Amino acid sequence: MPEMPQRCSALFDAYQTGTFGAVPEDGPGIQLAERRGLAIIHLAGPGGDENFRTAVKGCLGCEAPAIPNTTATADGRCLLWLAPTRWLLVSARDAPGDLERDLSAALASHSGAVTDVSSGRTVIRVTGRDARQLLAKGCPLDFHGSRFKPENCA
């Protein structure tokens, strides 16, 4: 049987680890790192249906957020609210195919859709004391700590 090709990041040709540019005495203000090996699932379903919500919680350990722009986490998995009937599930602990299979089985008797989008996404972790300022330069969202908290998403 031929070996399956490994997923190649969109950053494959450009991504280099290391420190670049001048670094102040108190360390770099921004660190960027690609997060690899994530399972990323697009989940669609009737968020107002209690049976659907119970099935999601039974499979993932957390309820799908009902409040706009919020997240729910449990056991290494994070569900992000995208729209009233849409969520993005991100997991560092599950293999993409396994998570899609398990969630599809849990929702088999409910209307909804489970789509593995892992190979179509590149995730960049932005950290450091100047991370908010970096994001604010390229995005119209208000990233001030009083407005955009750790449990928020957009």
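The values are calculated or read from the model by the stated rules, or taken from the named source; none is laboratory data. Predicted model only: the values in this text are computed from it and were never measured. Neighbour counts run over all protein chains shown; Cβ positions are idealised from the backbone, glycine included. Accessible surface areas use protein heavy atoms only, side chains included; no ligands, DNA or RNA. Shrake-Rupley method; radii C 1.70, N 1.55, O 1.52, S 1.80 Å.
Note on segment 111-154: residues that are polar (S, T, N, Q) and either in contact with a Ser or Thr (Cβ under 7 Å, 6 or more places away or on another chain) or on the phi > 0 side of the Ramachandran plot (or both) total 2. Reported count of residues in segment 43-65, each being under 30 Å from ASP142 (Cα atoms) and crowded, with 18+ Cβ neighbours inside 10 Å, is 5. Residues that are open to solvent by less than 50 Å² (accessible area, probe 1.4 Å), in contact (Cβ under 8 Å) with a residue 24 or more places away in the chain and under 21 Å from LEU99 (Cα atoms) within segment 66-85 comprise THR71, LEU79, LEU80, TRP81, listed in sequence order.
Of everything listed in (1) within 13 Å of the chain's Cα centre (by Cα); (2) under 21 Å from LEU11 (Cα atoms); (3) open to solvent by 20 Å² or more (accessible area, probe 1.4 Å); (4) small (Gly, Ala, Ser), the single unmet condition for ALA39 is (3).
Each residue in segment 90-106 was checked for being exposed (fewer than 15 other Cβ atoms within 10 Å of the Cβ) and farther than 24 Å from ARG36 by Cα, and 1 pass. On the stretch given as segment 121-154, residues that are of a type in the set (D, E, K, R), open to solvent by 60 Å² or more (accessible area, probe 1.4 Å) and part of a loop (DSSP other than H, G, I, E, B) total 6.
Evaluate the following for GLU25: is it closer than 30 Å to ASP130 by Cα, surrounded by 13 or more Cβ atoms within 10 Å (Cβ to Cβ) and acidic (Asp, Glu)?
Details: closer than 30 Å to ASP130 by Cα: yes; surrounded by 13 or more Cβ atoms within 10 Å (Cβ to Cβ): no; acidic (Asp, Glu): yes.
No; evaluated as a whole, the condition is false for this residue.
If you take just the strands (runs of 3 or more DSSP E) that sit entirely in segment 1-103, which of them hold at least 2 residues that are modelled with pLDDT of 90 or more? The qualifying strands (runs of 3 or more DSSP E) are 39-44, 71-74, 77-83, 86-91. For segment 97-110, the criterion of a residue being at negative phi, aliphatic (A, V, I, L, M) and touching a Pro at 6+ places or on another chain (Cβ under 9 Å) is satisfied by no position. When restricted to residues that are more than 25 Å from ARG35 (Cα to Cα), buried (at least 18 other Cβ atoms within 10 Å of the Cβ) and at pLDDT 90 or above, segment 107-120 contains 1.
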